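Every number in this text was worked out from the coordinates using simple rules, so none of it is lab data. Since the structure is predicted, the reported quantities are computational estimates derived from the model, not experimental observations. Counting neighbours? That spans all protein chains shown, and the Cβs are built from the backbone with ideal geometry, glycine included.
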Amino acid sequence: MATKHSKGGRPPPKFYTENFRQLEAVGNNSNRFFWACLHCSADSESSGLGSHIEGRDNRLYKHIAEPRLCPAAPTKARQEARQIMAGKGHVYLDVPVISSSANPDLDVTTGTSANNLVSEPAITAQTVAAKK
């Protein structure tokens, strides 16, 4: 009696299935798939924005996290994507670096200003690098 075998491998992360639609397999032996963003409009499918993203590395997370790549993604999804990438230990987002020349009252090492306008530590490239 023949049994029906399921497709091997682990299931995709919940974040993927909530924000993307799985498309065809990548044409190699990697066991990866292409994904289409659920937040990008139907018009963007024709232009390629979010319509064919290979499911590797942080590409799907980056698509949602970067407003220029997916302007229609909800804020909650953006925050979740950034948290997931930060948890992996490497974040490659275009985040402005706070410099002392931009704000002379700001102490870049502590993230506080001389007149206490900044009450929480600032997130800078130095902070991200220090956490590695």
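The figures follow:
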| item | result |
| --- | --- |
| Relative contact order of segment 14-88, defined on C-alpha pairs under 8 angstrom at six or more residues apart (%) | 22 |
| Segment 22-34 - phi-based ³J(HN,Hα) in whole Hz, Karplus 6.51/-1.76/1.60, Gly and Pro as x | 6, 10, 6, 6, 5, x, 8, 8, 7, 6, 9, 10, 8 |
| Full-extension gain in nm, LYS14 to ASN29, via 0.36 nm per residue minus C-alpha separation | 3.0 nm |
| Length added when fully stretched, GLN79-LEU38, from 0.36 nm per residue minus Cα-Cα | 13.1 nm |
| ³J(HN,Hα), Karplus 6.51/-1.76/1.60, whole Hz, each residue of segment 10-16, x for Gly, Pro | 7, x, x, x, 4, 4, 4 |
| Amide H contacts under 5 Å for PHE20, placed H, 5+ residues apart | LEU38 |
| Inter-probe distance in nm under a simple model that places probes 7 Å from Cα toward Cβ, at ALA72 and HIS52 | 1.9 |
| Built amide H within the under 5 Å cut-off of ARG32, gap 5+ | VAL26 |
| Coordinate range along principal axes, alpha carbons of segment 14-88, Å, largest first | 33, 32, 18 |
